[in-house]
Every structure is written in C-alpha cells, then in structure tokens.
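Read the structure below first, then the notes.
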Amino acid sequence: LSQSLFALFASSLAISLVFAIIPLCHNVVVLAVVLAVAGLAMGCIDTISNMQLVKIYQKDSAIFLQALHFFVGFGALLSPLIADPFLSDTNCILSNSTANASSNLPHIRKSLVPHHPGNLSHYDLPMKGMVVTRVSYAFWIMALINVSAAAGAVRAVAGDIAASWLCWGGGAASSAAPRPPLLSADELAMEARPAEKDDLSTTVQKPHGAGGHDDLFSCCQSKNFRGASYTYFAVHITGALVLFMTDGIVGEYSGFVYSYAVEEPLSVVHKVAGYLPSLFWGFITLGRLISIPVSYRMKPATMVFINVVGVLITFLLLLIFSYSVVFLFVGTASLGLFLSSTFPSMLAYTEDILQYKGCATTVLVTGAGIGEMVLQLLVGSIIHDRGSYSFLVCGMIFGGLAFTFYTFLLFFHRMYPKPSSGMDDASPDKPAVTDDTGQYQR
C-alpha cells in the first residue's frame, strides 16, 4: 500500500509539472514528449487506484469502484468548464491582419469539418505578432488542482506509516511502558474470527510484507501462473476484450458524435452539435452516481449484462431513427447511462471470479486503454472513407462484439474451478485468504 501511495503521489506531481510546462512548449516534438509523460502518469493512477480498491475492499469493492469512476467522469465534465473562460473567441495573435483573420474564423471553422477539410489556402492567418491568448491560465489552474491531489497522496502515505507504526510497534515509548491494545479483547476476537462458512485453516495473519500480494509487481511474477487452468487466462482475456470494446465506444462516440451530427443527413447547427459530447459525458457522470447505491443491491455480473444489452439496443435505435435529431440527443444520453458503470462493474465481477488478487485489474485497465486508443483511429479512418453513417454502424458492431465477449466470459466463469483450501499458495486459483492488507486501517 505504501508503494502504491507513493506511486500515486509521484504521478500526480508529474501531471502537475506537465500542465505547468505545456504553455511554455514552443516545439511540437517537445509537446509530444511532455504529453507522453502525462499519459504515462495518468495510466499509473488509473491502474493503481483501481487495483488497491479491489485488494482492500474485495467483496465490497464494487461500491467503491463506482464511486471512483464517478469522480473520473465528474473530472472529465468539469475540466472543459474550467478551460472555457480562457479560450479566445478571436485570433490569438495580434498583427496588422488580425481584423481580417478574425472575420474569417467562422468560415474556417465551417470548412474544418473533421476528416473533410475544405480549401483553406485563401484564408490569411497571422503567424507572427503579439500573443494575446489567456489559455495558459487554464493549464496552470489544472496544475494547481493536481498539486492538491498530490498533497492528498502525501497525507495518505503519512497515515499509512503512522498506522503501521501503531500496529506493529515502534519508537522509544513502546519499550518504556506497555500500551493498551487498539481494540478490546472482544473486538480483537471478532476481528480474528474467520468469515462465516469459511473452512480455511490458515487464519493466522502473516507478518507485514511477507505476502506476495504486498509487492506492487507481484502479478508479473511467473510463479503465480504455475498450474493455472486455461479458464484462468480466458477470464482475463474475455474481460479485457469486453472493456476494449466498451471503452473504445466511449472514446469514439465522444470524439466523433459532433462530426456525425453536423454532416448530412442531420446537418445540425455547429453550436447545437457541440452540446452532444457534453451531454454524453454528463450522463456518464450521472449514471456512475446512480450506480453507487445500485451496486449495493445488484450483482456486478447483472449490471454488466444490462449495460452491454443497453448499448446494443441504443445503437440499433440510433440506426433506425438516424434522420431524427431529437433521438440523436436521446440516444446520446441513453448511451452515456449504459456505458457509465460498465468499467467498474466488469472490474468487480472479474476480480470476484479470480479471488481479488488485483492482477486482473492491470489486464482490464490496459485492455480498456488500448481500446479507447485503437477504436478512435479505426472509426476516424472509416468515416473518412465511407462517410458519417458508418459512425453508427461501427458502434453497432462494437456493441455486438462486447455482448459476444461477455457471453464467453459467462461461459468461462462457469468452467472456472471453484476455490478449495487444498490449493498451493503460489497458484493463481488458490482461494482468497484474508491477509494484513488494509486490516490495520480499522
């Protein structure tokens, strides 16, 4: 846990530095390197935060994962609002031709429909002069926000160290006089008693740091895969493929719904079409907020089934009513709701199958990230070649594939061997044993 908290602190600090440096980058190569560092740090935060919630809360992790991803969606919704006041409505460089360039901006925006650029050679834009944009302030505000997140990680590290010190003893005071236990004898007995219907013989806690799961990179050790059945790997792969498709849909829909709306046959006004991505992310955030109490009552497997079926039906209706602007807005909101809880629910479901070791989280987060990157590139190239209607066709295909992979996941879940107490500790199929992870936090 200490390693993970330190990694979260370092990643948050790296993002703050990146946002502070971005306005100072005057070379596209330097900017690309800086953004790559930011992507690496964000990937670390995404993986570690999900993995630690799963390992600490285990059976209760579904609720906390929904809460975590609610704040992910809330940040995606809030960040553009922070930047909006600092965006310029006119040209960002003052020169003699600024007036003409400013009057050309609406025509340029109309010509720069994504993937179908018009002829812009007759528009003159000033490249030299005094820079008057204030967008740098938006980056610096976001940098300060991430500094506060890094400070939170520091406080968590300090709390972890203090809790470990209290739990395992230390300091001069411990040798001078005996301290009373943190819990009463009855409470300690309740903490030490194994869970109901648990016939495991190993209920004695291991020393802190002795367990393999305390290592941040324990999932990568080859000894953990010895004796694993094929269903162990199949659960990882099918779960990652479901998130590859669903997170890919999130990326491609939020990225191209504007382009789809402004083109034929809908021809939505540009300003109105600009509300579609905000509507999509708004309902993703709302759906994750609703999913927090729902996940307390409903199993993760059921939630994922509802999500993938809802996505498939929504794309089917969007295809049927492809000439309706009203239904495009309704479908966008519906799609955001169904996609909102897919990631945390799939994470909780897969880790429940695999006994909450946290290893599946790394595979699933990686699969989701790759899908969000690859499907956007794929859909962009298809829209360029086939037209805007292929946008909905691609979504329908991805939704169908997500449902298919989820069906395979259910099949492999039924085939997966049930945990038994006789399995070797190094086996990936061994049952979950309550170790010291998070126990000292009580």
| Residue check, Ser11 closer than 30 Å to Tyr296 by Cα and not charged (D, E, K, R) | no
| Could you say whether any residue in the range 399-417 is at pLDDT below 50 and either aromatic (Phe, Trp, Tyr) or assigned to a loop (DSSP other than H, G, I, E, B) (or both)? | no
| task | Working carefully through the options Ile22, Ile82, find the one that is buried (at least 18 other Cβ atoms within 10 Å of the Cβ), among the β-branched types (Val, Ile, Thr) and more than 17 Å from the chain's Cα centre (by Cα). | result | Ile22
| note | If we keep only residues of the range 259-287 that are open to solvent by 30 Å² or more (accessible area, probe 1.4 Å) and under 17 Å from the mean Cα position of the chain (by Cα), then the residue nearest to Gly336 (Cα to Cα) is Phe283
| message | Which pairs turn up if I take residues in the range 384-412 that are polar (S, T, N, Q) and look for partners that are open to solvent by 20 Å² or more (accessible area, probe 1.4 Å) and part of a helix (DSSP H, G or I) with beta carbon separation below 6 Å, at least 6 apart in sequence or on another chain? | response | Ser390/Ile382
| Any chance the range 313-328 includes a residue that's outside any helix (DSSP H, G or I), open to solvent by 60 Å² or more (accessible area, probe 1.4 Å) and either of a type in the set (A, V, I, L, M) or touching a residue at least 40 places away in the same chain (Cβ under 8 Å) (or both)? | yes
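How many of the residues making up the range 19-32 are without any contact (Cβ under 8 Å) to a residue 60 or more places away in the chain and either of a type in the set (Asp, Glu) or out of contact with any Leu (no Cβ under 6 Å at 6 or more places or on another chain) (or both)? Steps first, answer last, please.
Of all residues in the range 19-32, those without any contact (Cβ under 8 Å) to a residue 60 or more places away in the chain come to 21, 24-32.
If we keep only those that are either of a type in the set (Asp, Glu) or out of contact with any Leu (no Cβ under 6 Å at 6 or more places or on another chain) (or both) too, we end up with 21, 24, 26-32.
Looking only at that region, the number is 9.
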| field | Output for the range 227-258, where each listed residue is buried (at least 20 other Cβ atoms within 10 Å of the Cβ) and either more than 24 Å from the chain's Cα centre (by Cα) or acidic (Asp, Glu) (or both) | value | Asp247, Glu252
| said: Looking only at residues that are of a type in the set (S, T, N, Q) and open to solvent by 10 Å² or more (accessible area, probe 1.4 Å) in the range 329-368, which one is modelled with the lowest pLDDT? | reply: Gln355
| remark: Taking the range 26-70 and the residues there that are of a type in the set (Val, Ile, Thr) and more than 24 Å from Met142 (Cβ to Cβ), the one that is least open to solvent (accessible area, probe 1.4 Å) would be Val54
| remark: Contact list, first residue from the range 33-49 and free of Cβ contacts under 8 Å to residues at least 40 places away in the same chain and assigned to a helix (DSSP H, G or I), second anywhere and crowded, with 20+ Cβ neighbours inside 10 Å and of a type in the set (Ser, Thr, Tyr), beta-carbon distance below 6 Å, six or more apart or interchain, is Ala41/Ser11; Cys44/Ser11; Ile45/Ser11
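Considering Leu65, Leu13, which residue is of a type outside the set (D, E, K, R) and within 28 Å of Tyr349 (Cβ to Cβ)? Lay out the reasoning, then the answer.
On the way: Leu13 fails: within 28 Å of Tyr349 (Cβ to Cβ).
Residue meeting the stated conditions: Leu65.
The values are calculated or read from the model by the stated rules, or taken from the named source; none is laboratory data. Treat the numbers as computed from the prediction; the structure is a model and nothing was measured. Heads up, the Cβs are rebuilt from the backbone with ideal geometry, glycines too, and the neighbour counts pull from every protein chain shown. Note: areas computed on protein heavy atoms with side chains; ligands, DNA, RNA excluded. Shrake-Rupley method; radii C 1.70, N 1.55, O 1.52, S 1.80 Å.
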